[in-house]
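In what follows, a structure is listed as structure tokens, so that the remarks can point back to it.
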Amino acid sequence: MTREQALSAVTAACSAGKLTQAAADNIREWLTEDRYAEYAQEVMEHIHDGAWQQLDDVFWTVIPFGTGGRRGRMYPIGTNAINDRTIGESAQGLADYILAMVCEGQGARPTPESLNLSCAIAYDTRHRSAHFAKLCTEIMTAAGFKVYFLDGYRSTPELSFTVRQNGCTCGIMVTASHNPPSDNAVKVYWETGGQVLPPHDRKIIDRVMHVEKIQRIPWDEAVRAGQVLFCQEAMDAAFIDAVLEQAEPGPRNLKIIYSPLHGVGATAVCPVLSRDGFHDVEIFAPHASPDGDFPNVPNHISNPENPAVFNPIIQRAQEIGADLVIATDPDCDRIGCAAPRKWATDSWQKNRAVEPGEPTGIGPSEKPPWNHPVANGDASARHDRQSPAWQTLTGNQIGALLTDFVLECWKKRGKLTPDHYLVETLVTTQLIRRIGDSYGVRTEGDLLVGFKWIAGVIDRDGPDRFLFGAEESHGFMAGTHVRDKDGAVAAMLLCELAAELKAEGKTLHERLDALFWQYGAHAERTVSVQMPGSQGMADMKTLMELFRGHPPAKLAGFPIVRIRDYLNGVEKSVDGDVVQPLRPFASSPLPPGDASKDRLPPQGDLVMLDLACPGNYAAVRPSGTEPKVKFYLFGFEPPEQIADLEATKAILEDRLAAMERDLRNCADASTGDGSRRIHARTDPNIT
């Protein structure tokens, strides 16, 4: 097939409705423009084979940058796929923007060498991640950057740390987090170690969209020239040391099962736990191998937010008498966990005190004494013959537990002041804010979805008073060694909390119930509505406009009393009679002289629907990285209204179920499609 024949076939396919107009336009560019010359033959082969649906899927739009970077399904050709061209454009656009920025205002253009630019690059266990990392290295070195390369699978937080530790200009992480095996992505990091924020993000995107030629130095040549510095050993040691600076003294008698979910987590979580004094850690064997197919997890999606991921690990925990199960996603920036609801009546650890000689400090030399039940592997010393019921915890629940733990530790040290602050997003549980209020610290919660906004607050308000950051999707951060969520530090703190509670004869779930009694019962749920393809994009826009302008009058029987529209910066009544500027969120009085009161609320495609029952609301937003709309549901009952906590929790779950049903019906009606795939992250399973 000649190029002219291919172009004619594209026109005919578009006229016949086999291709969207946008796809046809993009295909023509890949057939005719020099910058796409190396891909033209493969495009023509698809045309010759009549693979119109495939061509439409990968060409109907240009794959965007979202809250987590540029992410999508891998395919060797296409503007709407992850391939050498789209990854190459991302790296080239980043390099072009930085070079233009640092050279702005200078007379003669300086040489790249004189600018002392550098970029940290790392990758996860996904298919082609190492290939894409080397491709990005070839492009950045061609632009004059020195590359700090983490050779071998490494975590996203270690990439953030590497940027900061080496004073890099930027960083690139090749990972698609917990997406399916078909996907991959690049996350772009700024010199702060955080993901790129305005105004740089939009300017980088503009550069990416206008890349003509991708300049590369072959990998071997760049290595020989000394432009690639392999730094993984030095960064591993320094990163683990930095995480351990957040460790708290206390009991370490805890039997843990850890799953990296076929990802990189064993390079970070395991050495951190060992150095922190947790020596009874088993890596869950079916999930231990680094494997981009994620073969032994449900639907091949390694997502610690999904309770089903934990079912086989919990079974193993019950078999060996473990105390805690933790898992991290493939790039080890998110964490999930499961724990017994209660300790069995006659279990060894119930109501026990810390024994003399039991490990309580920090360091690899501290191990259980030789005659300790843990050291001898005596499972019967840990649990009854009858194992207790286990249950997973949601991201909101883990965030609340860790917030309370961190604040209590700071308080015990006598270092907590009103100037300290917590950070969360608008779709994260308000239990975190209420806990912060009780400790007299500020919570910065007026943030859009995405941990980059949390990192931005730390750099804006200063790291010295930062305590803890959390988002509902299982991302947490303590310390200032990174500017992104960190599964290793979260795993360490969670194990420390669980060990402390175990020494008191309590479980994580019992501690959560205690927080509910003190601050009110909280329940949250996230519902995802899949909307793939070009029609899905149109449906997402229709649905967002519906909730922005004409939402349902009620959810779960409660009237909607206020609409908060973060795209247009207004809040209004459902009937539209009362419209006023959107008010910023602040949880407690700000420090004297703080300019926060003058800040405007964030702007983004997010709608929040407040119900007549205070503390109960829903949020709606399109995903920034995947073709879906997300509903975030929040239920609350104040402590003075709780007589029976279990009954109250059941009422809240029924309320969330009714809210979900109403939102699902609204989504189906707005798009005229009742077949949308809807996934709910509900209360954890009990196994």
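The values are calculated or read from the model by the stated rules, or taken from the named source; none is laboratory data. Just so it is clear, the structure is predicted and the values come from calculations on it, not from any experiment. Because the Cβ atoms are built from the backbone with ideal geometry, glycine has one as well, and the counts that use them run over all protein chains shown. These area figures cover heavy atoms from the full protein model, side chains too; ligands, DNA and RNA do not enter into them. Shrake-Rupley method; radii C 1.70, N 1.55, O 1.52, S 1.80 Å.
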Starting from the 7 Å offset along Cα-to-Cβ, what nm value, one decimal, do you get for the label separation of LYS554 and ALA234? 6.6
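When DSSP beta bridges are limited to those with both residues in the stretch 412-477, what percentage is antiparallel, rounded to the nearest 5? Provide the component values of the computation, followed by the final result.
Details: 3 of 10 bridges.
Approximately 30 percent, going by the DSSP bridge assignments.
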Of all DSSP beta bridges with both partners in the chain, the antiparallel percent, nearest 5, is 70
Surface share of carbon and sulfur [accessible, 1.4 angstrom probe, percent] for the stretch 235-345: 49
For VAL102 paired with LYS541, estimate the spin-label separation in nm (one decimal), with each label point 7 Å from Cα along the Cα-to-Cβ line. 3.9
In square angstrom, what is the accessible area per residue of the stretch 598-654 with a 1.4 angstrom probe? 39
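Let me check something: with ligands and nucleic acids excluded, how do THR394, THR267 order by accessible area (1.4 Å probe), largest to smallest? Each step should come with its number before you reach the end.
Details: THR394 25, THR267 50 Å².
Greatest to least solvent exposure: THR267, THR394.
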Note on the stretch 85-189, DSSP bridge orientation, antiparallel percent to nearest 5 equals 30
Taking amide hydrogens as modeled 1.01 Å from N in the peptide plane, which residues meet the under 5 Å criterion relative to ARG71, leaving out close sequence neighbours? GLY66
For the stretch 438-509, what's the relative contact order in percent, using C-alpha pairs closer than 8 Å and at least 6 residues apart? 19
Measure out, as a whole number of angstrom, how far apart the alpha-carbon centroids of the stretch 389-455 and the stretch 515-531 sit. 15
Taking Cα Rg over 2.2 N^0.38 Å as the quantity of interest, determine which of (1) 1.17; (2) 1.04; (3) 0.98 was computed from the displayed structure. (3)
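How large is the accessible surface per residue of the stretch 121-211, computed with a 1.4 Å probe and reported in Å² as a whole number?
On the way: 2540 Å² over 91 residues.
Dividing the accessible area of the stretch 121-211 by its residue count gives 28 Å².
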Based on the mean of other beta carbon atoms within 10 Å per residue, what is the order of 599-610, 167-178, 71-82, most packed first? 167-178, 71-82, 599-610
For the stretch 45-57, in residue order, the Karplus 3J(HN,Hα) values (coefficients 6.51, -1.76, 1.60; θ = phi - 60°; whole Hz; Gly and Pro = x) are 5, 5, 5, 4, 7, x, 7, 5, 5, 5, 4, 5, 4
Taking H as built 1.01 Å from N, whose amide H comes closer than 5 Å to the amide H of ARG341, not counting residues under 5 places away? ALA389, TRP390, GLN391
Step through the residues of the stretch 414-431 one at a time and calculate ³J(HN,Hα) from phi using the Karplus curve (6.51 cos²θ - 1.76 cosθ + 1.60, θ = phi - 60°), rounding each to whole Hz and writing x for Gly and Pro. x, 10, 7, 10, x, 7, 6, 8, 10, 9, 8, 9, 5, 9, 9, 3, 6, 4
Tabulate in residue order the Karplus-calculated ³J(HN,Hα) for the stretch 244-249, using 6.51 cos²θ - 1.76 cosθ + 1.60 with θ = phi - 60°, rounded to whole Hz; enter x for Gly and Pro. 5, 5, 8, 5, 10, x
What spacing in nm lies between the two simple spin-label points modelled at SER573 and LYS411, each 7 Å away from Cα in the Cβ direction? 4.1
For the stretch 470-554, give the percent of accessible area contributed by carbon and sulfur heavy atoms, probe 1.4 Å, rounded to a whole number. 53
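Cross-link list LYS541/LYS572; LYS506/LYS630; LYS554/LYS630; LYS412/LYS630: which exceed 30 angstrom alpha carbon to alpha carbon?
Values: LYS541/LYS572 20 Å; LYS506/LYS630 35 Å; LYS554/LYS630 19 Å; LYS412/LYS630 39 Å.
LYS506/LYS630; LYS412/LYS630, as the Cα separations exceed 30 Å there.
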Let me have the relative contact order for the chain, percent, based on Cα pairs under 8 Å that are six or more residues apart. 12
Pull up all non-local amide H partners of VAL196: gap of 5 or more, or a different chain, and H-to-H distance under 5 Å with H placed in the peptide plane. VAL188, TRP190
Got a number for the accessible area of ASP404? Probe 1.4 Å, square angstrom, nearest 10. 10
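Take peptides 85-97, 239-251 and line them up by average Cβ neighbours within 10 Å, highest first, as a rough protection proxy.
On the way: 85-97: 24.2, 239-251: 19.3.
The packing order, highest mean first, is 85-97, 239-251.
Where nothing but the Cβ of Lys and Arg (+1) and of Asp and Glu (-1) is charged, how large is the charge dipole of the stretch 26-72 around its Cα centre, in debye to the nearest 20? Don't skip to the answer; put the middle values down first.
Numbers: 4 positive and 9 negative charges, 65 e Å.
So the magnitude is around 320 debye.
How large is the accessible surface per residue of the stretch 34-79, computed with a 1.4 Å probe and reported in Å² as a whole number?
Numbers: 2020 Å² over 46 residues.
On a per-residue basis, the stretch 34-79 sits at 44 Å².
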Under 21 Å from the Cα of LYS187, which lysines turn up, not counting those fewer than eight places away in the same chain? LYS134, LYS146, LYS203, LYS452, LYS485, LYS628
Zone residues, the stretch 119-148, relative to LYS213, backbone N less than 17 Å from point 7 Å out along Cα-to-Cβ: 139-144
Share of carbon and sulfur in the accessible heavy-atom surface of the stretch 84-184 [1.4 Å probe, %]: 45
